[in-house]
């Protein structure tokens, strides 16, 4: 009798999944922590009509410095044929965050930075001035938003740029993302577990820097938050190099609105060069707004 019990137990272990096995979601959200190294040559601010680049001198005599890296959070929704990553500020310098000594250009918690006399932003403000400044901050909006839509059946990605013309008018531009995996991409035999999923390690080189990419084939689609590092099969959960980092911190299963994951049908298709010009104009508008609403005092 005991012998039959043992046979039944062994049979159940072979035919039933383990209790702690993870069910792969077919729709949901992946949250990534991100880090990118900033290229100072692409950064500039406009102060009272004067363009100042990193290392330049601000009107009050201080040096304009920028942080070495920018960090953020990127959420990717997936379901059906599409995945969508909201990355509106991922590639933009956040002028009000993270400069040496504080957040605004030149440091400090207010425009103008920390003054030698101990006053932020060129002097203490009255309650009326602080209320007026808060109103300007509330009106402040980034001139553009960005999202990347990936067709999970073809692997093609499309970047959608939304220009906020004013509070009621928007313009939409779309361009296909050109992606090419590094020539020295190699899948190694190393594995590790990330968020409960078994991941394989791939190595490659980017900008002469070694890069590790960890991806799992336990999820039922292929995707990478950075298209250049997409494996033949699997979802990338961790990219690590000196200049770039994506680390998945959470995978939430759940229903998503699949219609919103697709690119907009009314977006104008433009080339990468045309989109670059559109962005430059939008950032010029932003710099003018910063100069008007948050002047740096002498």
Residue 91 passes all but one of the listed conditions (1) touching a strand residue (DSSP E or B) at 6+ places or on another chain (Cβ under 8 Å); (2) crowded, with 17+ Cβ neighbours inside 10 Å; (3) under 21 Å from residue 145 (Cβ atoms); (4) modelled with pLDDT under 85; the exception is number (2)
Here the residues within region 31-53 that are in contact with a strand residue (DSSP E or B) (Cβ under 9 Å, 6 or more places away or on another chain) and part of a loop (DSSP other than H, G, I, E, B) are 38, 44, 53
How many residues does region 191-228 hold that are within 24 Å of residue 147 (Cα to Cα) and either in a loop (DSSP other than H, G, I, E, B) or more than 22 Å from the chain's Cα centre (by Cα) (or both)? 7
State whether the residues of region 174-188 include one that is within 15 Å of residue 227 (Cα to Cα) and in a strand (DSSP E or B). yes
Does region 211-218 contain any residue that is surrounded by fewer than 19 Cβ atoms within 10 Å (Cβ to Cβ), more than 22 Å from residue 38 (Cβ to Cβ) and in contact with a strand residue (DSSP E or B) (Cβ under 6 Å, 6 or more places away or on another chain)? yes
Can you report the number of residues in region 229-239 which are in a strand (DSSP E or B) and in contact (Cβ under 8 Å) with a residue 40 or more places away in the chain? 3
Return yes or no: is residue 251 surrounded by 15 or more Cβ atoms within 10 Å (Cβ to Cβ), in contact (Cβ under 8 Å) with a residue 12 or more places away in the chain and in a strand (DSSP E or B)? yes
For region 161-177, state whether one or more residues are touching a strand residue (DSSP E or B) at 6+ places or on another chain (Cβ under 8 Å) and under 24 Å from residue 241 (Cα atoms). yes
Report yes if residue 23 is within 30 Å of residue 224 (Cβ to Cβ), buried (at least 16 other Cβ atoms within 10 Å of the Cβ) and either within 16 Å of the chain's Cα centre (by Cα) or at pLDDT below 90 (or both), otherwise no. no
Restricting attention to region 163-190, and to residues there that are surrounded by 17 or more Cβ atoms within 10 Å (Cβ to Cβ) and over 23 Å from residue 201 (Cβ atoms), which single residue is modelled with the lowest pLDDT? 163
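The values are calculated or read from the model by the stated rules, or taken from the named source; none is laboratory data. What you are looking at is a predicted structure, and each value in this text was computed from that prediction instead of being measured. Note: ideal-geometry Cβ built from the backbone for every residue, glycine included; neighbour counts use all protein chains shown.
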